[in-house]
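Data first, discussion second: the structure below is written as structure tokens.
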Number of protein chains: 2
Amino acid sequence: MEKRDKIKIGLIGLGTVGSGVFKTLQSFENVEVTKIAVRNINKPRNIDGLDNSIVTDNPYEVVNDSEIDIVAELIGGVEPAYDLIKTAIKNGKHIVTANKELLAKHGEELFNFAEEHNKVILYEAAIAGGIPIIMPIKTILAGNKINKIEAILNGTTNYILTKMDVQGASYETVLKEAQELGYAEADPTGDVEGFDAAYKITTLATITFGKRIKLENVYREGITKIRAQDMDAANDLGYKIKLIASAQLNENGQADVRVHPMLVSKKATLAHIDYVTNAVSLTGHPVGSVTLSGPGAGEFPTASSVVGDILAIAAELGKSDYILPMMRCKHDDNAEMINISDTTNKYYISITAKNNKGVIGKIGTICANNDISLESIVQRCVSQDNTADITVITEQVKEKNMQNAIKQIELDGNKVNSLIRVQV
Amino acid sequence: MEKRDKIKIGLIGLGTVGSGVFKTLQSFENVEVTKIAVRNINKPRNIDGLDNSIVTDNPYEVVNDSEIDIVAELIGGVEPAYDLIKTAIKNGKHIVTANKELLAKHGEELFNFAEEHNKVILYEAAIAGGIPIIMPIKTILAGNKINKIEAILNGTTNYILTKMDVQGASYETVLKEAQELGYAEADPTGDVEGFDAAYKITTLATITFGKRIKLENVYREGITKIRAQDMDAANDLGYKIKLIASAQLNENGQADVRVHPMLVSKKATLAHIDYVTNAVSLTGHPVGSVTLSGPGAGEFPTASSVVGDILAIAAELGKSDYILPMMRCKHDDNAEMINISDTTNKYYISITAKNNKGVIGKIGTICANNDISLESIVQRCVSQDNTADITVITEQVKEKNMQNAIKQIELDGNKVNSLIRVQV
């Protein structure tokens, strides 16, 4: 094999992740960062080894640079990332990206476009930060049919839920604290309403199942309604509440992909993944279940994955046939999806009953009429105003029936505080 | 790229793992098992799709078969596996193996031999069964300098320790139960004395640090002395007792590789890895810490890793330059090792003092004289025979000093029941 020159890397973005990538690449002799696009070229940067002459505020100078082999897009968001990546591919560059939103919304088109141009897009950093997940699925787990993913993919919400659990505090109190510490943004919607996790599970499920999942078919529910009381009740029942991104293929090949809070058994590894740590559990044949956990975000963990992808492409570039099958992301078939209302789940329900007299019987009857079997129903306490707190755990029942029952329980004058699905 | 024929696989061994591999490979169209060596050719086998005409009781028919591209060695032990692998390499075959003992004892020679012949030996299944660990270290984590591994690599001992913890039972009781259930062998030495875990950490540390670790330099201590009382005391202190295989590189590049029981904080993921599950935690820069967990043994989990390795080689075989850098296992440098007596550790010590009067003062003085600072010292109860149970947790102190102190405490007429290192 001929000895080739250093492989040339262009970076788009020199924020938290970009700086981590730049610093990490410094210690590798086969690659060299030759151009970096930043938003504000006048911002003072204190980065060892950074030659200011390679910094530009025009990202097209990176994607149009004929010397560059690999472009790492680290700015996030749909535009201008979308156009920059397409231009870079058109110009013959391979892509490494940490952009979960772009992949969830335009992955299909971008992967097809890359394939047409015989280029690859790698994106380990876009899903679960520093945790090795995409590469293992494409390589060492390639002998498996994985039919179930359960994952904690958002550090902000996991931090909030952990703090609520540890401190017994309300969502609002902990959110404020997380915002002050920089763990949650001023507008936390993207995290707390589950958008971020939905982007990630869309792409993760696509690559795992080998069928394209569309973001608009992913059911999404955030954590804003979780109460301190739900945390307590879950603990008593042997569970922790986590925001779980899940994807499941049933025996007919239909996909059920969602993000919502879930009561996770304390016996499961995911129940012990706390604060900003992320984790992905995969279940399939022949491997059984494996769980990969670690830092889901941050300068250096994310840089680990970006650099891993860059080095993987770099290792292939000297070869004559350099496209590894593991690097392909093109999936022509769309997955047939199951609507949440057609799924079967186990539920935790917290109800404040208007009147404690005979209320358990009435709730029991409503459930029975809707074909809902109960695992347990407990009346916890009766307040001075004659209301009663009731906690119900169902067997596995139809979502549609559950939603009907909830309506009827509320029509009967009771307040349904929480309806949270339970891990089975 | 020319379309090539199916890649031909030879299996040596059709026991638990071999059957799992054969069954799993059935669903892949680019590979074909063309010869299988078994010990007893007359043993009835109920395996779908198995053509008896490809089965032989002479393993050299597999390694000498000129049609075969990849040999999977699944018999374990040093001989005849060693000679079979060398013969196969000499005959131009790539190797996939699950043989941890062989790699720990002869890895250096075998990897060098493979490199000379431009062949690869892959061994994902040899370490932590179905958990993806070797491939991620070689690929997506390649941008990291990993300087610490803490792992649960033996399912039998983890099962025994979990059962002792859950049931409050003695080691002997649980071992017997584990033997009856088939989780422990009739002669359990290889597992309970830590040999199996030592084989695995030897190879795992070698690949992770990029320096060859020699098995004879790995400190090893089993679980046979762990008592139900130690489990209780650990629980009270916020720990679980696990058999931990660890490897650490210090700032001078010296390696400290060991297998011994350890008190692991309940806040750590490893404390929640129970029964036969295995787990590997890696710490390094830039990634921070990641933990990979899953089934460490068994027909199908092990098959997942063997098949993953076979498919990785198969994907490369059609190419003109087909040796992936990630597949290399040759490390010329031997690691400089630290002897256990020169290490610094935190300790849990359980002592039965002959006489409770002033004994805490005396133990405290012995520790102080040996430069051992104590985090806590608790006298738990005084028996009718005037003996006292004392539990000590030290700060981080020198192993050498600790061993001296233990001798002096015993010379003073006390009984040291347990000395177990504590995770820091």
Please give the charge dipole size of the protein assembly as shown, origin at the Cα centre, charges +1 on K and R Cβ atoms and -1 on D and E Cβ atoms. Round to the nearest 20 debye. 1020
Cubic angstrom per residue, convex hull over Cα atoms of the range B:111-189: 164
Using just the Cα positions, wrap chain A in a convex hull and report its mean projected area in square nanometres, one decimal place. 22.3
Where the convex hull is taken over the Cα atoms of the protein assembly as shown, what is its projected area averaged over directions, in nm²? 40.5
Please tell me which of these pairs span more than 27 angstrom C-alpha to C-alpha: B:Lys163/B:Lys346; B:Lys357/B:Lys407; A:Lys100/A:Lys138; A:Lys138/A:Lys398; A:Lys145/A:Lys214? A:Lys138/A:Lys398
Taking the dipole of chain B about the Cα centre (Lys, Arg +1; Asp, Glu -1; charges at Cβ), the one of B:His260, B:Ile207, B:Ala37 that reaches farthest to the positive side is B:His260
Pull up the DSSP beta bridges for the protein assembly as shown and report the antiparallel fraction as a percent, rounded to 5. 70
Mean residue ellipticity at 222 nm from the helices of chain A, using -39,500 (n - 2.57) per DSSP H segment of n ≥ 4 over the full residue count, to the nearest 500 deg cm²/dmol? -10000 deg cm²/dmol
Placing a label point 7 Å from Cα toward Cβ, how far apart in nm is B:Glu395 from its equivalents in the other copies, listed shortest first to one decimal? 6.0
What number, in percent, do you get for the relative contact order of the range B:134-295 if the mean sequence gap of Cα pairs under 8 Å and at least 6 apart is divided by its residue count? 33
For the range B:134-295, what is the charge dipole size about the Cα centre, in debye to the nearest 20, if Lys and Arg each add +1 at the Cβ and Asp and Glu each add -1 at the Cβ? 760
Here the relative contact order (percent) of the range A:75-216, from C-alpha pairs under 8 Å and at least 6 apart, is 25
Applying the Karplus parametrisation 6.51 cos²θ - 1.76 cosθ + 1.60 with θ = phi - 60° to the phi angles of the range A:223-233, what ³J(HN,Hα) value in whole Hz is obtained for each residue in order, glycine and proline being reported as x? 10, 5, 9, 5, 10, 3, 5, 5, 4, 4, 4
Counting pairs of alpha carbon atoms under 8 Å apart in space and at least six apart in sequence, what relative contact order in percent does chain B give? 16
Based on the Cβ-Cβ distance from A:Val424 to B:Gln229, what FRET efficiency comes out when R0 is 56 Å, to the nearest 0.05? 0.90
The simple spin-label model distance between B:His117 and A:Gln396, using points 7 Å out along Cα→Cβ, in nm, is 4.9
Env charge @ A:Val33, Cβ radius under 11 Å, K,R +1 / D,E -1, value +2
Charges on Cβ only, +1 for Lys and Arg, -1 for Asp and Glu, centred on the Cα centroid of the protein assembly as shown; of B:Gly361, A:Asn217, B:Ala169, which one is farthest towards the dipole's positive end? B:Gly361
Given that compact globular proteins tend to follow 2.2 N^0.38 Å, what is the ratio of the alpha-carbon Rg of the range A:345-424 to that value? 1.00
Suppose R0 equals 41 Å. What FRET efficiency, 1/(1 + (r/R0)^6) with r the Cβ-Cβ distance, do A:Gln254 and B:Ile47 give to the nearest 0.05? 0.85
Quick one: which of A:Lys119/A:Lys242; B:Lys105/B:Lys267; A:Lys240/B:Lys242; B:Lys211/B:Lys415; B:Lys43/B:Lys93 span more than 30 angstrom between C-alpha atoms? A:Lys119/A:Lys242; B:Lys105/B:Lys267; B:Lys211/B:Lys415
Spatial separation of Cα centroids for the range A:31-97 and the range B:37-54, in angstrom: 58
When the expected Rg is taken as 2.2 N^0.38 Å, what fraction or multiple of it is the alpha-carbon Rg of the range A:134-295? 1.04
Using Cα positions and a limit of under 18 Å, work out the aspartates and glutamates in reach of B:Lys86, with same-chain residues fewer than 8 apart set aside. B:Glu61, B:Asp65, B:Glu67, B:Asp69, B:Glu73, B:Glu101, B:Glu108, B:Glu109, B:Glu115, B:Glu116
To the nearest 0.05, what FRET efficiency results for A:Asp332 and B:Glu79 with a Förster distance of 51 Å applied to their C-beta separation? 0.55
Cα long-axis angle, helix A:155-167 against chain A (0 to 90 degrees, to the nearest 10): 40
If you stretched the chain out fully between B:Glu185 and B:Lys90, how much longer would it get, using 0.36 nm times the residue separation minus the C-alpha to C-alpha distance? 30.7 nm
Helix A:399-411 versus the longest principal axis of chain A: what is the Cα-based angle in degrees, 0 to 90, to the nearest 10? 50
Mind pulling the angle between the C-alpha long axis of helix A:16-25 and the longest principal axis of chain A? Nearest 10 degrees, somewhere in 0 to 90. 50
Aspartates and glutamates with Cα under 15 Å of B:Lys176, excluding same-chain neighbours fewer than 8 positions away: B:Glu185, B:Asp187, B:Asp191
Phi-derived 3J(HN,Hα) across the range B:250-265 with the Karplus relation (6.51, -1.76, 1.60, θ = phi - 60°), rounded Hz, x for Gly and Pro, is 8, 5, 8, x, 8, 9, 10, 10, 7, 10, 6, x, 8, 7, 10, 4
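Read the figures in this text as sums done on the coordinates, not as results from a lab. Every value quoted in this text rests on a predicted model; they were computed, and no experiment measured them. No Cβ is skipped: glycine too gets one built from the backbone with ideal geometry, and neighbour counts run over all protein chains shown.
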